[in-house]
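K.L.:
The structure that follows is given in the form of structure tokens.
Read the figures in this text as sums done on the coordinates, not as results from a lab. Everything numeric in this text was worked out from a predicted model, so none of it was measured. Counting neighbours? That spans all protein chains shown, and the Cβs are built from the backbone with ideal geometry, glycine included.
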Amino acid sequence: MQKCLLIGIGNRLRRDDGVGPFVLDQFTAEHWQKVELLQLTPETAELLSGFDHVVFVDADVSGLRAVTIEPVSVGPAPGVPLTHFSTPEAIVAMARTLFDFRGKAHVCRIPVWDFEFAEGLSFAAQKRAAEAARIIATSFPVDSTCML
């Protein structure tokens, strides 16, 4: 059986920014290792070692209207700046270089718009979060391929 990690990125106190952690709540702990982060930092790279699949789940503000899931494209590890904010691509590159991560990595982007200081997702974000959870569950079935 393969080991899978879900990384939910976002702040639950900023409405739809908490969509990544909200999606994590839809999965049972016995099938997925789950980590909730406010943002990706270089320290995140070490978390990836030992997993066969990693899925980053995050809010998307690019203007897209649909939930997307795509492989994290990582070329040869460039000099990655050490900042307080990183991308999934930078984290995976560091994990491959520093911690010998050889698994597959994907990013699930969920379009959102409401970043007010409040708890709970907007209705639109709730619908997209449910869709994202279905896409992840379908893409990485836990019954036989992705269990701890």
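K.L.:
For residue 42, which of the numbered conditions (1) under 14 Å from residue 112 (Cα atoms); (2) in contact with a Ser or Thr (Cβ under 7 Å, 6 or more places away or on another chain) fails to hold?
P.N.:
(1)
K.L.:
In this structure, is residue 26 in contact (Cβ under 8 Å) with a residue 40 or more places away in the chain, farther than 23 Å from residue 73 by Cα and assigned to a loop (DSSP other than H, G, I, E, B)?
P.N.:
Against the criterion (in contact (Cβ under 8 Å) with a residue 40 or more places away in the chain, farther than 23 Å from residue 73 by Cα and assigned to a loop (DSSP other than H, G, I, E, B)), residue 26 qualifies.
Every residue, every condition in (1) β-branched (Val, Ile, Thr); (2) part of a loop (DSSP other than H, G, I, E, B); (3) farther than 20 Å from residue 102 by Cα, yes or no:
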residue	(1), (2), (3)
36	no, no, yes
39	no, yes, yes
44	yes, no, no
47	no, no, no
54	yes, no, no
57	yes, no, no
65	no, yes, yes
69	yes, no, no
74	yes, yes, no
